[in-house]
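A.B. asks: Below: one structure in structure tokens.
The values are calculated or read from the model by the stated rules, or taken from the named source; none is laboratory data. Please read these numbers as outputs of a predicted model, since none were measured by experiment. Virtual Cβ from ideal backbone geometry, glycine too; neighbours counted across all protein chains shown.
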Amino acid sequence: MTEFYLPPSPCTPEVVLSSSKSLLTLKGESYPENVLAFYASLLERIRTLVEDERLPRLQVEMRITYYNSASAKAFHRIFQLLNQAGERGCAVHVLWHFDPEDDMARDLGNNFREDFPALDLVDVPLAVA
Amino acid sequence: MDATQFEHFVANATADGVVFYHSGPLDQARVAGIGGVLRRRLREEGANGAQARKVFAAFMEMAQNIVHYGTPDPAGCGRFGALSVVRENPGFAVMCGNYLPSAHVPRVRAWLEEVQGMSPEHARQAYHRKLSSGGQDDEYSKGAGLGLLTMAVNAAAPIEFVFVPQPPGHGDMNFLFLKAVI
């Protein structure tokens, strides 16, 4: 069983990965000093979850208010892994939250949808405050 | 600098629309702190949501480039770099400067010229291609490929740059300045 939690910091998101809840959430800002190091442990645990535990379904919630370009690469690697799981039969549903004024975040969701057809990625434009 | 000189400095900065300026060592903790200050300053300056987001994004890519690839500060306080946000109606200019070994100049210049020649739409497509290729880094640094493209997508005009060769005695260095208009 994988139960993984990282609390939020000013430049890293809150991360929840839970096999009991079939849930992955990333919430907050993402511009860690070393993006690869920050996301390495999460990637490894996602790999365990979808390859070793063979989770039948996973609900993913991305609520990132700001991400730097290196984080976009990290997200790409996460979705690559989830897409492979999807190809093996795991039902992966992704809620892609973004500010409707944020064209790059909207585009990034479209890029991921195009690159990873085994994911069910749904846009969720956030209500403007 | 005496008080009168400082008065001129402040008056010039105000007249030039300087919203934020930093020159000196930079590390991740400072970048995170400055990010918070910058967001508040942009609100005070009346930046709309999309403007503030784009200025912040360009600023962060520049700041992180300095933190990762700038010249180490002799006092061990991170990397040396200059960062500024200036009011340039109807938007803002985001600028940075950092040392770069002269040997890297031709490669960096070629990449900057390539991005400079892209329309925002081309930059958007290049961003997607680079992301989808797994982000293989063929530029001067690990993240600068996507970082510069992020600026180009958000910018209202082509990215400006200038290389300034440094006098001998500081290693064989150039100082690279970048400007993105949002």
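A.B. asks: Of the residues A:V50, A:V60, A:V122, A:V92, only one is surrounded by fewer than 19 Cβ atoms within 10 Å (Cβ to Cβ), touching a residue at least 12 places away in the same chain (Cβ under 8 Å) and among the β-branched types (V, I, T); which?
C.D. replies: A:V122
A.B. asks: Return the residue satisfying two criteria in turn: it lies in segment B:71-104 and is charged (D, E, K, R) and closer than 12 Å to B:L26 by Cα, and of such residues it is modelled with the lowest pLDDT.
C.D. replies: Among residues in segment B:71-104 that are charged (D, E, K, R) and closer than 12 Å to B:L26 by Cα, the one modelled with the lowest pLDDT is B:D73.
A.B. asks: Of all residues being away from chain B (no Cβ under 14 Å) and in a strand (DSSP E or B) in segment A:83-103, which is nearest to A:T65 (Cα to Cα)? Just the residue, please.
C.D. replies: Residue satisfying both the conditions and the ranking: A:H97.
A.B. asks: For the structure I just gave you, tell me whether A:S71 is farther than 30 Å from B:K54 by Cβ and within 14 Å of the chain's Cα centre (by Cα).
C.D. replies: Considered against the rule, which asks whether it is farther than 30 Å from B:K54 by Cβ and within 14 Å of the chain's Cα centre (by Cα), A:S71 comes out as no.
A.B. asks: Out of contact with any Leu (no Cβ under 8 Å at 6 or more places or on another chain), small (G, A, S), surrounded by fewer than 19 Cβ atoms within 10 Å (Cβ to Cβ) and more than 25 Å from A:N34 (Cβ to Cβ) - does that describe any residue in segment B:63-82?
C.D. replies: Within segment B:63-82 (the criterion being out of contact with any Leu (no Cβ under 8 Å at 6 or more places or on another chain), small (G, A, S), surrounded by fewer than 19 Cβ atoms within 10 Å (Cβ to Cβ) and more than 25 Å from A:N34 (Cβ to Cβ)), the answer is no, since none of the residues qualifies.
A.B. asks: Just one of (1) more than 21 Å from B:D16 (Cβ to Cβ); (2) modelled with pLDDT of 95 or more; (3) surrounded by 15 or more Cβ atoms within 10 Å (Cβ to Cβ) trips up B:E113, so point out which.
C.D. replies: Of (1) more than 21 Å from B:D16 (Cβ to Cβ); (2) modelled with pLDDT of 95 or more; (3) surrounded by 15 or more Cβ atoms within 10 Å (Cβ to Cβ), only one is false for B:E113: (3).
A.B. asks: Output the residue which, of all residues in segment A:5-37 that are among the hydrophobic types (A, V, I, L, M, F, W, C) and modelled with pLDDT of 95 or more, is farthest from the chain's Cα centre (by Cα).
C.D. replies: Step by step, filter segment A:5-37, then rank; the result is A:L6.
A.B. asks: Taking the condition modelled with pLDDT of 95 or more and more than 14 Å from chain B (Cβ to nearest Cβ), does A:L55 pass?
C.D. replies: In short, no.
A.B. asks: Just a yes or no: is a residue in segment A:61-70 in a helix (DSSP H, G or I) and touching a Leu at 6+ places or on another chain (Cβ under 9 Å)?
C.D. replies: yes
A.B. asks: Still on this structure: Scan A:R113, A:R77 and give me the residue that is among the basic types (K, R), crowded, with 17+ Cβ neighbours inside 10 Å and free of Cβ contacts under 8 Å to residues at least 24 places away in the same chain.
C.D. replies: So the residue among A:R113, A:R77 that is among the basic types (K, R), crowded, with 17+ Cβ neighbours inside 10 Å and free of Cβ contacts under 8 Å to residues at least 24 places away in the same chain is A:R113.
A.B. asks: Look through segment A:7-37, keep the residues that are within 11 Å of chain B (Cβ to nearest Cβ) and charged (D, E, K, R), and return whichever of them is surrounded by the most Cβ atoms within 10 Å (Cβ to Cβ).
C.D. replies: For segment A:7-37, the residue satisfying everything is A:E29.
A.B. asks: Where residues in segment A:96-110 are touching a residue at least 24 places away in the same chain (Cβ under 8 Å) and surrounded by 16 or more Cβ atoms within 10 Å (Cβ to Cβ), which of them is nearest to A:L55 (Cα to Cα)?
C.D. replies: A:W96
A.B. asks: What do you reckon, is B:G49 free of Cβ contacts under 8 Å to residues at least 40 places away in the same chain and surrounded by 12 or more Cβ atoms within 10 Å (Cβ to Cβ)?
C.D. replies: Yes: the conditions hold for B:G49.
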